[in-house]
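**Q** Just dropping this structure here.
The values are calculated or read from the model by the stated rules, or taken from the named source; none is laboratory data. Here the structure is a predicted model, which is why all the values come from computation and not from measurement. A quick note on method: Cβ atoms are made from the backbone with ideal geometry, for glycine too, and the neighbour counts reach across all protein chains shown.
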């Protein structure tokens, strides 16, 4: 069982045990049905959300789970139905990914009177524990800085199983190959990702970040996959991409590590059911690029 899944199951189990243990604590003002339900709702929302896809798909699921349970669920989420929570989660994802601090994003429901303004108000780089996946042949690193951006090889580049010029070569990328850079090591190597899994390391001067055009809300969710995400070994070979030394069907190794990642504080201003709620929340990027409300 992976680190993220273990954490989610433990959180959900702890919440259920806590709920049962506090059932008779009528004298404790905090341990009322609403707060116990909130704790269980938070865990269940995270558990459900964390099982749905990677990257942007998992982002929306995780945010929707947070809107259904937890502190946001007691305020904002309580006034929205499931469809509105899902739509607001999608809009939140776009705001986190594409807007600058102080830039407001407007959302309105397609079937109710609910509407919201989502505004990132602070962006910071923090160190926190993240779960990173890698193929079995790839060596782990002690720490790194998360990137989660599309990169492109500017010249033919070797991908190695450790961030070292003497490490074993596991793949080769011809110039122009695009991939998702999961992170950057302290000694200037880029972690080459394929579908959220690190398949090796490439020396940073051989690759460059791909500058994506500004996207509308409608097109941002339909971003095309990078070369390595969309290709199998055979089709990759036809493009000159050497993946023969990588067992793409192997179960990835998942471990917790300390990484520098981006966190953003966002402000919600939501009107629904004739009342207005304002709330701030913090979201941080995980190793697969998903934004998680924490």
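**Q** Based on what the data block shows, is residue 259 under 19 Å from residue 68 (Cβ atoms) and either surrounded by fewer than 21 Cβ atoms within 10 Å (Cβ to Cβ) or in contact (Cβ under 8 Å) with a residue 60 or more places away in the chain (or both)?
**A** no
**Q** Output the residue which, of all residues in the range 193-214 that are surrounded by fewer than 21 Cβ atoms within 10 Å (Cβ to Cβ) and at pLDDT below 95, is farthest from residue 139 (Cα to Cα). Outline the logic, then answer.
**A** Residues of the range 193-214 surrounded by fewer than 21 Cβ atoms within 10 Å (Cβ to Cβ): 195, 203-206, 208-214.
Now drop any that are not at pLDDT below 95, which leaves 195, 209-214.
Values: 195: 18, 209: 23, 210: 26, 211: 29, 212: 30, 213: 34, 214: 36 Å.
The residue in question is 214.
**Q** Now a separate question. Look at the range 243-286 and say how many of its residues are in a loop (DSSP other than H, G, I, E, B) and touching a strand residue (DSSP E or B) at 6+ places or on another chain (Cβ under 6 Å).
**A** So in the range 243-286, the residues in a loop (DSSP other than H, G, I, E, B) come out as 243-252, 273-274, 286.
Those left that are additionally touching a strand residue (DSSP E or B) at 6+ places or on another chain (Cβ under 6 Å): 243, 245-246, 252, 286.
Residues in the range 243-286 being in a loop (DSSP other than H, G, I, E, B) and touching a strand residue (DSSP E or B) at 6+ places or on another chain (Cβ under 6 Å): 5 in total.
**Q** Listed residues 69, 49, 102; which is under 12 Å from residue 266 (Cβ atoms) and either modelled with pLDDT under 85 or over 17 Å from the mean Cα position of the chain (by Cα) (or both)?
**A** 102
**Q** Give me a count of the residues in the range 99-119 that are over 18 Å from residue 272 (Cα atoms) and touching a helix residue (DSSP H, G or I) at 6+ places or on another chain (Cβ under 6 Å).
**A** 0
**Q** Out of curiosity, is residue 190 modelled with pLDDT of 95 or more and in contact with a helix residue (DSSP H, G or I) (Cβ under 6 Å, 6 or more places away or on another chain)?
**A** Here the answer is yes, as residue 190 does meet what is asked.
The rows are residues; the columns are (1) without any contact (Cβ under 8 Å) to a residue 12 or more places away in the chain; (2) under 29 Å from residue 231 (Cβ atoms); (3) part of a loop (DSSP other than H, G, I, E, B).
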position: 103; (1), (2), (3): no, no, yes
position: 113; (1), (2), (3): no, no, yes
position: 136; (1), (2), (3): no, yes, yes
position: 171; (1), (2), (3): no, yes, no
position: 176; (1), (2), (3): no, yes, yes
position: 182; (1), (2), (3): no, yes, no
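Residue by residue, here is whether (1) in the same structural domain as residue 269 (by TED's automatic domain parsing); (2) at pLDDT 95 or above; (3) surrounded by 20 or more Cβ atoms within 10 Å (Cβ to Cβ) holds:
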| site | (1), (2), (3) |
| --- | --- |
| 115 | yes, yes, no |
| 121 | yes, yes, no |
| 147 | no, no, yes |
| 158 | no, yes, no |
| 178 | no, no, no |
